[in-house]
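The values are calculated or read from the model by the stated rules, or taken from the named source; none is laboratory data. Quick caveat: nothing in here was measured; it's all calculated off a predicted structure. Cβ sites come from the backbone with ideal geometry, for glycine too, and all protein chains shown count toward neighbours. Ligands, DNA and RNA are stripped out before the accessible areas are found, and what is left, the full protein with its side chains, is counted by its heavy atoms. Shrake-Rupley method; radii C 1.70, N 1.55, O 1.52, S 1.80 Å.
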Amino acid sequence: METNETHSDPAELAQRLGHAFARPERLAAALTHRSYSAEAGQPELAESQRLEFLGDAVLGAIAAEWLVEHRPDWREGQLTKVRSRLTNAAALARVARRLELGRFLRLGRGEAREGGRDRDSLLADALEAVLGALWLDGGAAAVRKVFVAWFAAELEVALAAGRDDNPKGELQERLQ
């Protein structure tokens, strides 16, 4: 199993997120990969998957809310495409890298050795788990704050893509 020296203090991540966790164990759980829990023989530490489930739903809702508020002239199809761009694994991995999330993950030896700290899917899942923990600890306001701050670059790219007019694609959508 990893030693404490191989991952950074979650308090530093909380500071980057701009949220003082009332229950820091929630953030610790979000950062604990199931490989670490399995090696520790403590399956109760594997809460990150449940938090990931919650974080996925929370992110979708917060992204949808932001888009509806900031793009009142867009139709549902445009909103859906842009939300999908904001919440896909590649976008989440980019945000996780900007947060340097990999440094904070508690991974099992094998996962760490195999490059888990920089794997897109693992980073995306971990970011969703962190958002789930943030939701439980600070509610929607805390997640909105992180979304606006840390997803700014992704918002810019997704919004530009959403503005691109694609009449042929729109016609195909309507025909289907």
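Accessible surface of E39, taken over heavy atoms with a 1.4 Å probe and every protein chain present, rounds to 80 Å².
Within the set of other residues whose C-beta is less than 10 Å from the C-beta of R103, count the net charge using Lys and Arg as +1 and Asp and Glu as -1. Please list the in-between numbers first.
Working: positive: R117; negative: D9, E12, E100.
Result for the local shell: -2.
Backbone amide hydrogens, once placed in the peptide plane, bring R106 within less than 5 Å of T32, H33, excluding anything fewer than 5 places away on its chain. A value for Rg/Rh (Cα atoms, Kirkwood Rh) was derived from the coordinates, and within the list [x] 0.94; [y] 0.98; [z] 1.04 it appears as [z].
Highest mobility in the GNM of the chain, judged by mean-square fluctuation with C-alpha springs under 10 Å and restricted to D120, D73, D137, is found for D73. Report summary: the helix-based calculation at 222 nm, which adds -39500 (n - 2.57) for every DSSP H run with n ≥ 4 and divides by the residues of the chain, gives -22000 deg cm²/dmol.
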